[in-house]
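What follows is a set of notes on a single structure, which appears directly below.
The values are calculated or read from the model by the stated rules, or taken from the named source; none is laboratory data. If you're wondering where the values come from, they're calculated on a predicted model, not measured in any experiment. Don't worry about glycine lacking a Cβ; one is built from the backbone with ideal geometry, like all the others, and counts go over all protein chains shown.
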Amino acid sequence: MTKYQLWSRDEYGQGSILDTSEDLQSMIKKAKDLVTDANVNNALTVEEKKRNWVSYYVELEPIKAAKTTQIVYAGKSTQNKDAALKISKGKQEIIAPDSDVCKTRIFLGKLDKEDWYAADYRRNEIDSLKNADLVGKTVYYIKKIG
């Protein structure tokens, strides 16, 4: 059985393993809960939260793929490039999360019971992992082990 690990990488580039499970969906839920806790469950006003978020989870939505295909952000590869785990029909492979393969969204939490995604100062949703607004933030991601 395939196992997955939930990781975080902080603003200094230090990685930490937070959990291990055979259930990918539980790892995704835990990552989103941790992000929500860090960005939403604090004493800041809504507007202050939107300016001062500290962590994120990368959501990747397949483009032109079967509805059963799932892609999850897997952090940096050994070549220090962004990597993603593509799961389709029981097969799993590591791919580059390019814009022609998947749509990128930066999940920041559940704000007023709605999914909240990162946007730039013009309120355009951030759709690139190279965006400067992501520098210095903690990212949560999932790696396949075994």
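Restricted to region 56-69, and to residues that are at pLDDT 90 or above and out of contact with any Phe, Trp or Tyr (no Cβ under 7 Å at 6 or more places or on another chain), which residue is surrounded by the fewest Cβ atoms within 10 Å (Cβ to Cβ)?
Glu61
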**Message:** Let me spell it out: the conditions are (1) touching a residue at least 24 places away in the same chain (Cβ under 8 Å); (2) farther than 19 Å from Thr138 by Cα, and Asp23 meets all of them except one. Which number is the exception?
**Reply:** (1)
**Complete:** Scanning region 89-109 for residues that are within 15 Å of Glu59 (Cβ to Cβ) and among the basic types (Lys, Arg) gives Lys103, Arg105
**Inter-residue pairs, beta-carbon under 7 Å, first of a type in the set (Lys, Arg) and in region 118-141, second surrounded by 14 or more Cβ atoms within 10 Å (Cβ to Cβ) and not in a loop (DSSP other than H, G, I, E, B), 6+ apart** = Lys137/Ser55; Lys137/Tyr56
**Message:** For the list (1) modelled with pLDDT of 95 or more; (2) closer than 25 Å to Lys3 by Cα, I need the number of the one condition that Trp116 fails.
**Reply:** (2)
**Message:** Quick check on my filter: what residues within region 96-146 are under 22 Å from Ser21 (Cα atoms), surrounded by 15 or more Cβ atoms within 10 Å (Cβ to Cβ) and of a type in the set (A, V, I, L, M, F, W, C)?
**Reply:** Phe107, Val139, Ile142
**Prompt:** Which of the residues spanning region 51-87 are in contact (Cβ under 8 Å) with a residue 12 or more places away in the chain and farther than 18 Å from Lys143 by Cβ?
**Reply:** Trp53, Val54, Glu61, Pro62, Ile63, Ala65, Ala66, Thr68, Thr69
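One line per residue, one yes/no per condition, for (1) at pLDDT 90 or above; (2) crowded, with 19+ Cβ neighbours inside 10 Å; (3) touching a strand residue (DSSP E or B) at 6+ places or on another chain (Cβ under 8 Å):
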{"position": "Leu6", "(1), (2), (3)": "yes, yes, yes"}
{"position": "Gln14", "(1), (2), (3)": "yes, no, no"}
{"position": "Ala31", "(1), (2), (3)": "yes, yes, yes"}
{"position": "Asn39", "(1), (2), (3)": "yes, yes, yes"}
{"position": "Ile71", "(1), (2), (3)": "yes, yes, yes"}
{"position": "Lys91", "(1), (2), (3)": "no, no, no"}
